[in-house]
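Undergrad: Structure incoming, see below.
The values are calculated or read from the model by the stated rules, or taken from the named source; none is laboratory data. Source: prediction; values computed, not measured. Backbone-built Cβ (ideal geometry, glycine too); neighbour counts: all protein chains shown. These area figures cover heavy atoms from the full protein model, side chains too; ligands, DNA and RNA do not enter into them. Shrake-Rupley method; radii C 1.70, N 1.55, O 1.52, S 1.80 Å.
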Amino acid sequence: MARSSNLLRFLVTAVLVASCAGPATSGVATSTPTGGSPSPSTSPSPSPTAASPSASPSELPSPSPSAVPVLPTPSPTPGATTVVRAYFLLDAAGGGDPGLVPVLRTVPDTTAVAKAAMTVLLAGPVAKELAATPRIRTMIPAGTELLGVSITSGVATVDLSGEFASGAGSFSVQGRLAQVVYTLTQFSSVDRVRFELDGVPVTVFSSEGIVLDKPVGRATYRDAFVPAIFVDRPAWGASLLNPGRVTGLANVFEAQFRIALRDHQGRVLVDRPVAATCGTGCWGTFDVTLTYDVTAAQWGTLRVWDPSARDGSPENVREYPVWLQPRP
């Protein structure tokens with residue numbers, strides 16, 4: 001009897017344990033890890049597609065030609081302007097041959113800046129420049145037309161009409177060549193200039209027989225048409241910032257000269273010595289910064305000269321108007 005009771009209690013306990021168990025696990029035993037690295041997933045990873053970041057470069061599709069963006073050519077902003085320089089000739093203050101001088105022109109905004117600069121050069125000095133003392137003039141014959149200009153590997157090829165070669169006189173003929181060369185070489189992309197007349201390359205220019213069988217640069221005309229003290233910036237009639245830089249070339253005794261700045265009443269604002277990087281037979285550069293005091297914006301005069309070694313009197317005088325402004 002006791003044995004039967006024990007058997008009955010065992011069967012009841014087994015039934016209760018079975019009723020509390022979870023669902024079946026398809027014959028795969030699972031357990032919750034208590035430490036260490038997680039087990040790798042048994043689920044397969046999705047296959048990479050061509051657009052997937054994990055795809056190798058060879059798996060990525062190449063764009064079709066129609067899908068490659070075409071960048072538009074920059075066009076000038078309506079109403080915008082740009083400033084170019086033209087080089088004319090300024091009479092010497094104390095007599096003698098005129099020398100090159102830069103002037104500024106404001107033109108409609110354009111990417112063809114070399115063409116714009118040549119166009120204003122051929123137009124010649126404006127009335128206020130012709131009436132100035134000393135006056136500004138040009139050696140380029142009236143009626144000269146620009147037929148084309150292109151730039152390749154640092155060389156600007158300029159095609160001018162036959163009028164450009166008209167007239168005689170070596171100084172006049174060389175002077176017009178110098179004006180074109182200095183005007184086109186203001187741009188960093190141009191080192192030298194090649195000339196054409198009516199589409200034909202020039203090898204001998206004008207009745208003066210000037211040889212032009214290769215491109216020419218600024219140095220070709222420097223000794224004859226650049227004054228002994230040449231201010232290239234600021235240009236004639238341009239604004240001088242405050243402080244403002246004055247830069248250029250000089251070839252004077254021991255590289256020493258003076259620079260002065262006067263207001264519209266002639267009052268001296270600045271008078272100081274300047275040393276170029278070379279002198280006494282060689283061309284040197286100079287770069288000075290001037291600070292001055294004016295109470296209102298006004299026209300003034302920039303003047304450079306070389307004191308005579310004999311008695312200190314001014315030599316190689318060069319002066320022209322600049323626009324002055326109060327310090328900010």
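Undergrad: Could you check how many residues of segment 229-250 are under 22 Å from T133 (Cα atoms) and open to solvent by 30 Å² or more (accessible area, probe 1.4 Å)?
TA: Number of matching residues: 2.
Undergrad: Go through (1) surrounded by 17 or more Cβ atoms within 10 Å (Cβ to Cβ); (2) in a helix (DSSP H, G or I) for D223 and report which single condition fails.
TA: (1)
Undergrad: Going by the conditions given, is V181 without any contact (Cβ under 8 Å) to a residue 60 or more places away in the chain and under 15 Å from G99 (Cβ atoms)?
TA: Considered against the rule, which asks whether it is without any contact (Cβ under 8 Å) to a residue 60 or more places away in the chain and under 15 Å from G99 (Cβ atoms), V181 comes out as yes.
Conditions (1) among the aromatic types (F, W, Y); (2) more than 19 Å from the chain's Cα centre (by Cα), marked per residue:
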position: S188; (1), (2): no, no
position: V202; (1), (2): no, yes
position: F230; (1), (2): yes, yes
position: A235; (1), (2): no, no
position: S239; (1), (2): no, yes
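Undergrad: Just to verify a result, which residue in segment 287-315, among those that are at pLDDT below 95 and of a type outside the set (D, E, K, R), is farthest from E129 (Cα to Cα)?
TA: If we take residues in segment 287-315 being at pLDDT below 95 and of a type outside the set (D, E, K, R), then A309 is farthest from E129 (Cα to Cα).
Conditions tested, residue by residue: (1) β-branched (V, I, T); (2) touching a Phe, Trp or Tyr at 6+ places or on another chain (Cβ under 8 Å).
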| residue | (1), (2) |
| --- | --- |
| F230 | no, no |
| P234 | no, no |
| S239 | no, yes |
| G248 | no, yes |
| I259 | yes, no |
| G266 | no, no |
| A276 | no, yes |
| V288 | yes, no |
| T301 | yes, yes |
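Undergrad: If we scan segment 172-193, do we find a residue that is farther than 27 Å from P227 by Cβ and not aliphatic (A, V, I, L, M)?
TA: no
Undergrad: What are the residues in segment 194-209 that are modelled with pLDDT of 95 or more and open to solvent by 20 Å² or more (accessible area, probe 1.4 Å), if any?
TA: Residues satisfying the conditions are R194, E196, L197, D198, G199, V200, P201, T203, V204.
Undergrad: Out of all the residues in segment 89-106, which are over 13 Å from T119 (Cα atoms), of a type outside the set (G, A, S) and either in contact with a strand residue (DSSP E or B) (Cβ under 6 Å, 6 or more places away or on another chain) or surrounded by 21 or more Cβ atoms within 10 Å (Cβ to Cβ) (or both)?
TA: L89, L90, P98, L100, V101, P102, V103
Undergrad: Of A86, A112, which residue is open to solvent by less than 100 Å² (accessible area, probe 1.4 Å), farther than 29 Å from W299 by Cβ, modelled with pLDDT of 95 or more and within 36 Å of the chain's Cα centre (by Cα)?
TA: So the residue among A86, A112 that is open to solvent by less than 100 Å² (accessible area, probe 1.4 Å), farther than 29 Å from W299 by Cβ, modelled with pLDDT of 95 or more and within 36 Å of the chain's Cα centre (by Cα) is A112.
Undergrad: Which of the residues spanning segment 113-133 are in contact (Cβ under 8 Å) with a residue 60 or more places away in the chain and in a loop (DSSP other than H, G, I, E, B)?
TA: Correct list: A132 only.
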